[in-house]
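Following: one structure in structure tokens, then a few remarks.
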Amino acid sequence: MSPYLRISLPSASLGLALLLSAVQVSAQNAAPPAPTPILSLGDALRRAAEQNPRLAAQGYAERAAEALIEQAGLRPNPTLEASLENVMGTGRTQGVRSLEATVQASQTFERGGKREKRVALASREREAAAMEFAVQRGEILADSASAYVAVLAAQQRLALAAEPLRLARDTVAAVDARVRAAFAPPAEAARARAALAFAQADYARGEAGLAQARTVLAATWGGAPAEVSTVAGALQVPAALPAQDIFLAKLARHPRLDLQQAIVAGRRAALQLQQAQATQDVTVGGGLRFLRDGTDAAFVGGVSLPIPFRNKNQGNIRAARETLAGAEQSVRAVEVELRVAFTAAWQDLAAAHAAAQALRRDALPATQEAYNAVRFAYEQGQLPLIDVLDAQRALVAVRRELLDTEAAYAAALARTEALTDASFPAVSALISQP
């Protein structure tokens with residue numbers, strides 16, 4: 001056999017070899033797929049603050065208020081007036097032989113500081129728009145924090161549902177083996193399969209709840225549920241409640257109070273403007289009158305000043321005064337509403353804390369001990385399977401109750417901080433604790 005034949009390859013085989021080599025090199029050089037980033041509470045709050053559609057719409061209102069300040073500072077436009085007299089008549093005034101034309105310009109001069117007071121009112125309304133933006137921002141951040149806690153709780157509920165599902169599958173396999181070995185009646189296998197079906201249904205509900213919670217969280221920044229994969233943190237109630245005085249000290253700085261104070265300042269500026277409107281403006285005019293035949297001309301001028309005989313703007317002044325009084329009273333109403341909301345949130349927080357401590361300290365260890373004892377007795381052939389399933393359901397119920405209580409504590413903490421600190425430091429510390 002010729003040596004040349006031993007080293008030659010068919011063209012198709014050579015192409016296949018080169019293709020495989022290129023695929024192998026490409027696979028070696030290809031970067032591994034990037035892992036899905038874990039969403040933190042800070043990330044969720046930042047997205048909500050930057051991308052929420054309602055906040056974007058409120059930004060236009062703030063810019064519109066800025067334009068009204070510019071408009072309020074403008075003075076009245078001058079007026080140009082042209083008039084014709086003694087034209088198109090009869091006799092001596094027939095046609096345009098006796099035409100007299102007057103061209104006159106006039107300017108209104110505002111009195112009483114109307115322009116300055118208009119600017120002041122527009123500026124107060126601009127401040128109110130800014131405060132309204134801050135209020136809506138706080139509400140949206142509160143929604144985002146609550147939705148984040150809901151996703152975190154849904155994740156832990158799903159993980160909690162996965163453990164009974166695994167146990168139910170192991171139980172089915174073990175019972176089937178015992179039934180085949182004639183160590184257990186067939187009824188036990190039916191009970192085990194029924195328990196497995198319940199566990200599968202509970203897990204499916206957990207998946208649906210997690211999907212819904214992700215949708216709500218993504219909606220706080222106008223996003224899609226696919227943008228929320230896994231959120232970071234864990235729910236576990238601390239040993240002691242936070243200091244209530246720290247929260248109460250921040251309650252007086254709530255944006256709603258700032259907004260109401262800005263509204264009061266705007267109503268006061270509106271009253272001052274209405275009082276200034278009672279001062280009559282002066283209109284000064286002057287021009288030229290062209291007399292007959294257009295050969296002569298004369299200067300004309302005049303001053304116009306309304307006589308405030310009936311209308312002294314008294315109705316608008318009284319309405320503005322009453323509106324100001326109502327706005328001032330609303331400050332107290334907002335203070336009461338905030339304190340009531342804080343008290344309700346704090347009571348929910350304290351109740352959830354006490355319940356979670358009792359469940360974790362007493363109920364959970366006792367239920368776990370009972371389940372272990374029943375399981376051991378069943379494996380020794382001393383108890384039927386039904387006792388094991390009952391003990392397992394009791395343990396799952398206690399764990400679920402504890403998780404629900406911890407989620408209620410985190411939600412109440414988020415409501416409390418929504419009234420005191422929109423950066424949510426306490427919630428962040430809660431879910432990130434070791």
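The values are calculated or read from the model by the stated rules, or taken from the named source; none is laboratory data. Just so we're clear, the structure is a prediction, and the values are computed from it rather than from any experiment. Every residue, glycine among them, receives a Cβ derived from its backbone with ideal geometry; neighbour counts consider all protein chains shown.
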Tell me, yes or no, whether region 313-329 has at least one residue that is over 34 Å from the mean Cα position of the chain (by Cα), outside any helix (DSSP H, G or I) and either in contact (Cβ under 8 Å) with a residue 24 or more places away in the chain or more than 30 Å from Ala243 (Cα to Cα) (or both). yes
Residue within region 47-67 that is modelled with pLDDT of 90 or more and either in a strand (DSSP E or B) or more than 30 Å from Ser423 (Cα to Cα) (or both) present: yes
Residues (surrounded by fewer than 18 Cβ atoms within 10 Å (Cβ to Cβ), part of a helix (DSSP H, G or I) and either of a type in the set (Gly, Ala, Ser) or touching a residue at least 12 places away in the same chain (Cβ under 8 Å) (or both)) located in region 376-389: Ala377, Ile386, Asp387
Take the residues of region 352-375 that are under 18 Å from Ala411 (Cα atoms) and in contact (Cβ under 8 Å) with a residue 60 or more places away in the chain: which is surrounded by the fewest Cβ atoms within 10 Å (Cβ to Cβ)? Gln357
Exactly one condition in (1) surrounded by fewer than 18 Cβ atoms within 10 Å (Cβ to Cβ); (2) under 22 Å from Ala44 (Cα atoms); (3) hydrophobic (A, V, I, L, M, F, W, C); (4) touching a Lys or Arg at 6+ places or on another chain (Cβ under 8 Å) is not met by Leu251; state its number. (2)
Scan of region 219-249 for residues that are closer than 26 Å to Asp348 by Cβ and not in a loop (DSSP other than H, G, I, E, B), ordered by number: Ala219, Val231, Gln244, Asp245, Ile246, Phe247, Leu248, Ala249
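Only one residue in Val175, Val216, Val237, Val231 is in contact with a strand residue (DSSP E or B) (Cβ under 9 Å, 6 or more places away or on another chain) and touching a residue at least 60 places away in the same chain (Cβ under 8 Å). Which one?
Val231
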Within region 306-319, is even one residue polar (S, T, N, Q) and within 22 Å of Ala426 (Cβ to Cβ)? no
